[in-house]
Amino acid sequence: MKTLDAIDRKILALLQEDATVALADLSRAVGLSPTPCWKRVQKLEKAGVITGRVALLDPRKIGLSLTVFVSIETDDHSQPWLAKFASAVSAMPEVMDVYRMAGDVDYLLRVVAPDTAAYDDFYQRLIAAVPLKKVTSRFAMERIKATTVYRLPTPEISDD
């Protein structure tokens, strides 16, 4: 896909704030009629810029009050180990995010659970799934900021 123009960026900004916005309202907000606006949304979806539309939940209100950041170190950096690890953590519903890291930690997971007993159950399944060198759990005390809205970069202006 070519670079995003100002209208695409505005569409994306509005949809990030509320994916349920009516097409008529979205079209009006970006200065297009509904058909061209809808075609742009479809094009952004087809290009993989928009990867899905979801309802965001408050984890505490559905009984998931514990957030844990899990740092993992491994001595095995082979493709077979990574495939087994990725498959294992992908199958664990408590794991919300998995990142391969640079630095002294190899992987960072964000895990949610109802309580410490449920987290311990997750931890036992994790360490049984693949050989790990070190697992460090950091329990979040308070969520100060949480967002799913990406800042959309504006194109550089050339002096030409």
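So here's what we get for this one:
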item	result
Checklist (1) surrounded by 14 or more Cβ atoms within 10 Å (Cβ to Cβ); (2) among the aromatic types (Phe, Trp, Tyr); (3) under 27 Å from Val54 (Cβ atoms); (4) touching a residue at least 40 places away in the same chain (Cβ under 8 Å) applied to Tyr150, failing item	(1)
Pick from segment 47-104, criterion polar (S, T, N, Q) and free of Cβ contacts under 8 Å to residues at least 12 places away in the same chain, ranking: farthest from Leu152 (Cα to Cα)	Ser78
Residue check, Val70 touching a Phe, Trp or Tyr at 6+ places or on another chain (Cβ under 9 Å) and either closer than 30 Å to Lys10 by Cα or surrounded by 15 or more Cβ atoms within 10 Å (Cβ to Cβ) (or both)	yes
Filter result for Val130 (of a type in the set (A, V, I, L, M, F, W, C) and touching a residue at least 40 places away in the same chain (Cβ under 8 Å))	yes
Single condition Met141 does not satisfy, out of (1) in contact with a Ser or Thr (Cβ under 9 Å, 6 or more places away or on another chain); (2) more than 30 Å from Leu15 (Cβ to Cβ)	(1)
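No value in this document is a laboratory result; all are computed from the given coordinates. Computed from a prediction, not measured in an experiment: that's the story for all the values here. When we count neighbours, we look across all protein chains shown, and the Cβ atoms used for this are built from the backbone with ideal geometry, even at glycine.
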